[in-house]
Amino acid sequence: MSNESNNYTNVYDVLKERGYLAQATHEVEIRDLLGREPVTFYIGFDPTADSLHVGHFIQIMIMMHMQKAGHRPIVLVGGGTGMVGDPTGKTDMRKMMTRETVEENCRSFQKQLSRFLDFSDGKAILVNNADWLLNLNYVDFLREIGIHFSVNRMLTAECFRTRMEKGLSFLEFNYMLMQSYDFLELNRKYNCKLQLGGDDQWSNILGGVDLIRKIKGTPAYGLTFRLLTTANGKKMGKTEAGALWLDPDRTSPYDFYQYWRNIDDADVRNSLAMLTFLPMEEVNRLGNQKDEGINEAKKILAYEVTRIVHGKKEADKAQAAAEALFGKGTADAQVPGTVLSAEEFRENSKILDMLSYLKLIPSKGEGRRLIQQGGVYVNDERIGDFNRTLTEKDLQDGSLMIRKGKKVYHKLTVK
């Protein structure tokens with residue numbers, strides 16, 4: 001991979017142009033390395049839930065860009081670190097998970113990540129740090145690894161400073177050592193030279209880079225990326241129902257599509273650059289549109305992101321459903337739907353119970369607020385009574401349509 005090739009663009013420049021890059025431990029050296037040879041790099045994912053969410057998708061996109069450029073990703077799932085919990089960005093200690101939950105979440109992550117990367121013939125590697133962390137001898141670990149870490153320096157790290165007010169447990173304090181040891185282990189086993197991660201991981205990444213250089217005396221590098229945020233600096237991917245998940249059973253492809261279709265105008269260009277593979281010339285053209293033009297840009301964004309995450313078939317269905325709903329009525333739209341038995345329908349017949357059962361509201365208090373504001377409809381009838389009961393009279397050919405606000409539809413079928 002020579003910089004002299006007319007057909008080769010250094011992936012570092014691609015990532016920079018698309019707006020991913022935040023901090024680099026050695027910017028010049030990293031760019032030179034990525035332009036000179038295939039590089040093995042890694043990104044870690046702690047299994048804090050049974051699905052990846054859109055915050056992880058930035059990391060996935062970066063791995064895809066890197067792999068397309070000829071570099072080798074190591075996907076690390078944190079079966080070991082997940083037993084401790086990363087204090088980064090948290091004001092309270094993470095809830096402890098059982099080993100069984102951590103293992104199940106790891107399996108879910110592995111299945112999801114295999115949709116995005118080519119693991120054939122060693123082009124990408126998937127590892128679980130439980131393989132080396134769970135059986136460590138603690139005294140040996142302290143003697144080999146702990147000796148290289150200054151407590152004074154660790155306490156200045158942003159990931160710890162935000163936890164100091166409420167109290168940082170010794171359990172969490174070990175997290176930086178464990179993540180640094182991961183990098184050392186991957187460096188020894190796979191010649192992994194580069195760790196990537198969100199910018200909130202900067203302190204942990206620095207720990208690993210320094211550890212390798214101290215123990216092995218060889219170069220190691222770290223690179224962080226901007227978190228996915230709105231133009232106002234808020235994290236993207238939060239909905240009224242919670243996180244925007246990559247698992248279609250937790251966030252339907254239609255709801256996923258609609259999220260991107262409805263983002264603020266100011267966030268379109270950045271989202272196109274970071275969440276699609278459209279050429280930057282096209283990203284800039286679409287991102288600079290106004291009025292109806294920016295709405296068309298949102299449709300392209302929604303389709304492209306949904307296609308990458310859920311596949312072309314589901315993206316086509318989501319697009320057709322949205323067009324049917326907002327262009328030609330609801331008759332044949334493939335909107336998200338739930339099939340209930342007659343007994344389930346009766347048990348959840350009160351409108352607040354049904355909204356909660358269908359996960360259209362995070363709480364019944366939120367449901368009352370929505371109804372009070374006129375934001376809930378059944379078959380285009382605005383619901384004004386919290387105690388409204390759904391009956392067979394509401395069913396049309398066995399189905400009814402619930403609408404929340406202007407753009408969230410859910411088809412309920414009773415069989």
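The values are calculated or read from the model by the stated rules, or taken from the named source; none is laboratory data. What you see is a predicted model; the values in this text were computed from it and never measured. Every residue, glycine among them, receives a Cβ derived from its backbone with ideal geometry; neighbour counts consider all protein chains shown.
Here are the numbers for the structure shown:
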quantity: Test: residue in region 176-186 that is at pLDDT below 90, among the acidic types (Asp, Glu) and closer than 20 Å to Gly82 by Cβ; calculated: no
quantity: Residue that is modelled with the highest pLDDT [pool: residues in region 79-100 that are assigned to a helix (DSSP H, G or I) and surrounded by 16 or more Cβ atoms within 10 Å (Cβ to Cβ)]; calculated: Thr81
quantity: When residues of region 208-234 are limited to those that are touching a Gly at 6+ places or on another chain (Cβ under 8 Å) and more than 30 Å from Val268 (Cβ to Cβ), the one surrounded by the most Cβ atoms within 10 Å (Cβ to Cβ); calculated: Gly208
quantity: First in region 106-125 and touching a residue at least 40 places away in the same chain (Cβ under 8 Å) and at negative phi, second anywhere and among the basic types (Lys, Arg) and outside any helix (DSSP H, G or I), Cβ under 9 Å, 6 or more apart; calculated: Leu117/Lys123; Lys123/Arg72; Ala124/Arg72; Ile125/Arg72
quantity: Residue within region 279-298 that is closer than 17 Å to Gly237 by Cα, crowded, with 17+ Cβ neighbours inside 10 Å and either in contact with a helix residue (DSSP H, G or I) (Cβ under 6 Å, 6 or more places away or on another chain) or not hydroxyl-bearing (Ser, Thr, Tyr) (or both) present; calculated: yes
quantity: All positions within region 210-248 that are part of a loop (DSSP other than H, G, I, E, B), in contact (Cβ under 8 Å) with a residue 60 or more places away in the chain, over 23 Å from Ile300 (Cβ atoms) and not small (Gly, Ala, Ser); calculated: Pro219, Leu227, Glu240, Asp247
quantity: Residue check for Asn295: free of Cβ contacts under 8 Å to residues at least 40 places away in the same chain and part of a helix (DSSP H, G or I); calculated: yes
quantity: Residue match in region 260-270 (condition: at pLDDT below 85, within 21 Å of His310 (Cβ to Cβ) and of a type in the set (D, E, K, R)); calculated: no
quantity: Residue list for region 321-340, restricted to those being surrounded by 15 or more Cβ atoms within 10 Å (Cβ to Cβ) and either at pLDDT 75 or above or among the aliphatic types (A, V, I, L, M) (or both); calculated: Ala321, Ala322, Ala324, Leu325, Ala333, Val335, Pro336, Gly337, Thr338, Leu340
quantity: Unique residue being within 15 Å of the chain's Cα centre (by Cα) and within 30 Å of Lys411 (Cα to Cα) when the list is Asp247, Asp265; calculated: Asp247
quantity: Hits in region 399-415 (condition: surrounded by 12 or more Cβ atoms within 10 Å (Cβ to Cβ) and either farther than 17 Å from Glu323 by Cα or of a type in the set (Gly, Ala, Ser) (or both)); calculated: Ser399, Leu400, Ile402, Lys404, Gly405, Leu412, Thr413, Val414
